[in-house]
Every structure is written in C-alpha cells, then in structure tokens.
Amino acid sequence: MLHGWRGGEERDVHQEMMRLTLQIVGKTLFDADVERDAQEVGKSLELLLEIGANFRRTIFVPHWLPTPANLRVKREVTQIDKVLYRIIGERRASGGDAGDLFSMLLSAQDQDGSRMTDRQLRDEAITLFLAGHETTASALSWTWWLLAQHPAVEAKLHAELDAVLGDRAPSLDDLPKLAYAGHVITESLRLYPAAWGMARLAVEDHEIAGYPVTKGMGVAMAQWVVHRDPRWYDAPQEFRPQRWEDDLLKRLPRFAYFPFGGGPRQCIGNTFALMEAALILATIARKFRLRLVANHAVVPLASITLRPRRGVHVTLVPRQKKEAAAFVKRQANCPC
C-alpha cells in the first residue's frame, strides 16, 4: 500500500484502512490473495453497514419484503457470497492444508465423521472475513484522526519508532518494545471503540444497582459511556496514551475497559486485532505524518460499528526523523 503513497497526496485514510485490512484478513485467515476482490467487497460492505445503521428504527420491516433497502441488501450479500464461495471451491479443489484457520474448518469433523457443508463454511467465514477487517479499519481510522490533532503524542510515537526500528519495517518481535504505540491503540479504542455498545441476555434473576433483572431479560451496556466515566479515568474526554503506563489496565475494575466485550463471548479475534493494529500503525507512522484536510468534518456514525461518517480525509506528509526527536525534547513535560 505504501508503495503507492506520495507526499502531498490527499486520501481518505478510512477507505485506505478498509482495503488494507480486507487484504490482510483474506491472506492471513484464508491464505487467499483477495486484492482483486477487495474493492468490490469493500463497496458491498460499506453499503451493508450503511443500511445496518437503520437498525434503530422503531418500525420493523421484514427482510423478505421487496423494499429498496432489502433488495440492496440481497444484491450486496450475493456479491460477497460470490467471493467467499469461490475461495471455498478453490480450497476444496486443492485439497491441501495451508496451515491457516480455514484449513482447520475444512478438516473439522463432527462425531459422526461428517464435515461442514459449503453453507456452514460460508457462515463461519463471513464473520471472520468481514467483521474481522472492518472493526480494525475503523479503530485505525480514529487513531489517525486523534494523532493528527495531538502533535505531541504523534512526535512521541515517532521518537519510539525511530529508536526501536531505525530504517526497517516492524516485525512481530518488535511489539514488546513498541509500548507507546500499544498505548496509542489502547487509548484510541477507549475513546472510539469499534464496538460502541453491546447486549446480553440474563441467564438468571439478579439485581443491578437496585434494578431487578429477570432471567431472559436483555441487558445493554455501552463501551462509549463506560470508557468515558470519570470514576475510572482522569480527564476522560482527553486523548492521553500515557495513562496506560504503569499497568493501568490491571488496576481498573473489571469491565471498566472492554472494547472487545468480555466473558465467554468476548471477541475471538481481539489478540489478532491488537497485533495487526499496532503493526500497521508502526509501519505507516514510520514513513508518513497524516494531516487532516481543512473543512472536512469527521463525525462518528453509530452504525453496527462506530465508523467515521464520510471518512477521514488527510494529506500525506513524508516523515523527517529529526523533527520528531526535536519536538519530543521541547515537549518533555507535556501530558502525552
């Protein structure tokens, strides 16, 4: 991706992250090169998520009714299915074990020896294929937006990257040394969690803060609200990655921070997403600064995920390493 970036260009970094993470999830989870399909699938996903934003309507419209929205959903799902079934067909035909998650699904057997049907494989794959990239793309989009507004934080990140990486790209072994990069991602997910709200069904009668909760009742909780609660965070509205130093996460009450949910239904890809986000952040920030385009408002859209409405438009500025070191030296006492 970076080979195609040039200084001075204007890009929608949200769209760039969507395309990038789609290719990553296709390659790492399914060992498939889906670059040729990324644009079509990304467009279909964008439309589905836009339509999904209407889940807050008070009037339920059955999916089988041929409304314009339902017809659009059917059309986009068909397009996505075409890609997934092609991958399933190619993998069945090859018969090889690529060492990825999809190989495990293909070889999985029930107690009677039966294997998954194409439809079952499709259902498992679509969760990982789609949800596994859009959430990370949104998290990174908000991270770039926040960094562009906080030059001291950005400079401290650049200084860490220069010290740890020098002139090379990051690898998995570098992640423990890129502590501040990890704090930037953690803080971005606190303020703008991709999963901004979630719900569970009560499995037994209970009482929460004096309110009765009966078995089978739906209970909703919002990461957006809890993550900005002053009981748990100083200056909760401010972007302060340094707050995560000294193991704050271990000192917080359980579920004061839960961007990936929690319990037995916690997001199965949380570790993968954090690793991926940190590596992408380090790889791009090592080479470019992203400056917000003037007069382009970035507004949160609480759809199925928390996405930037109309994207995040930026201008690409090639990095000058000496600038980062000098800036950090001047801002040694800043709260970053």
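At 222 nm, what helix-only mean residue ellipticity would the chain give, in deg cm²/dmol to the nearest 500, using -39500 (n - 2.57) for each DSSP H run of four or more?
Helices in the chain give a 222 nm mean residue ellipticity of -15000 deg cm²/dmol.
Got a sec to turn the phi values of region 172-188 into Karplus ³J(HN,Hα) couplings, 6.51 cos²θ - 1.76 cosθ + 1.60 with θ = phi - 60°, whole Hz, x for Gly and Pro?
4, 5, 7, 4, x, 8, 9, 5, 5, 4, x, 5, 4, 5, 4, 6, 4
Can you give the net charge of the other residues whose Cβ lies under 15 Å from the Cβ of Met217, counting K and R as +1 and D and E as -1?
-1
With 20 Å bins from zero, work out the P(r) of the chain over every alpha carbon pair and list the percent per bin.
Spelled out per bin, shortest first, that is 26, 56, 17, 0.
Would you calculate the separation in nanometres between label points at Thr67 and Leu248, each defined as 7 Å from the Cα along the Cα-to-beta-carbon direction?
If labels sit at Thr67 and Leu248, their model points lie 4.2 nm apart.
On full extension of the chain, what length is gained from Phe255 through Arg92, given 0.36 nm per residue of separation minus the C-alpha to C-alpha distance?
Gain on stretching Phe255 to Arg92: 54.5 nm.
Springs between alpha-carbon atoms under 10 Å, Gaussian network over the chain: tell me which of Asp31, Asp234, Asp112 tops the mean-square fluctuations.
Among Asp31, Asp234, Asp112, the largest mean-square fluctuation in the Gaussian network model of the chain belongs to Asp112.
Any aspartates and glutamates with Cα under 12 Å of the Lys287 Cα? List them, leaving off those in the same chain fewer than 8 positions away.
Output for Lys287: Asp162, Asp167.
Restricting to Cα pairs below 8 Å that are 6+ residues apart, what does the relative contact order work out to for the chain? Please round to a whole percent.
25
Charges only on Cβ, +1 for Lys and Arg, -1 for Asp and Glu: so what's the dipole of the chain about the Cα centre, in debye to the nearest 20?
Rounded to the nearest 20 debye, it is 900 debye.
Would you kindly state how much longer the chain becomes between Leu301 and Arg119 on full extension, computed as 0.36 nm times their sequence separation minus their alpha carbon distance, in nm to one decimal?
Net length gain for the segment: 62.3 nm.
Label-point separation (nm) for Thr28 and Ala199, each offset 7 Å from Cα along Cα-to-Cβ?
3.2
Asp81 to Ile208: extension gain in nm, 0.36 nm per residue of separation minus the Cα-Cα distance?
Contour length minus the Cα-Cα distance gives 41.5 nm.
Name the residues whose placed amide hydrogens come within less than 5 Å of the amide hydrogen of Val213, ignoring near sequence neighbours (fewer than 5 apart) on the same chain.
Under 5 Å from the amide H of Val213 lie the amide H atoms of His206, Glu207, Ile208, each far enough along the sequence or on another chain.
If each residue's Cβ is checked for other Cβ atoms within 10 Å, how do Glu40, Glu207, Glu160 rank with the fewest at the top?
Starting with the residue having the fewest Cβ neighbours, the order is Glu207, Glu40, Glu160.
Say each of Ile268 and Thr127 gets a label point 7 Å from the Cα, pointing the same way as Cα to Cβ; how far apart are those two points in nm?
In this crude label model, Ile268 to Thr127 measures out at 0.5 nm.
Students often forget the sequence filter, so: which aspartates and glutamates lie under 16 Å Cα-Cα from Lys74 once same-chain residues fewer than 8 apart are removed?
Those aspartates and glutamates meeting the cut-off are Glu40, Glu46, Glu50, Asp123.
Just add up the charged neighbours of Tyr257: K/R +1, D/E -1, any other residue whose Cβ is under 13 Å from the Cβ of Tyr257.
So the environment of Tyr257 carries a net charge of +4.
Bear in mind that the values in this text are calculations on the coordinates, not laboratory data. Predicted model only: the values in this text are computed from it and were never measured. Virtual Cβ from ideal backbone geometry, glycine too; neighbours counted across all protein chains shown.
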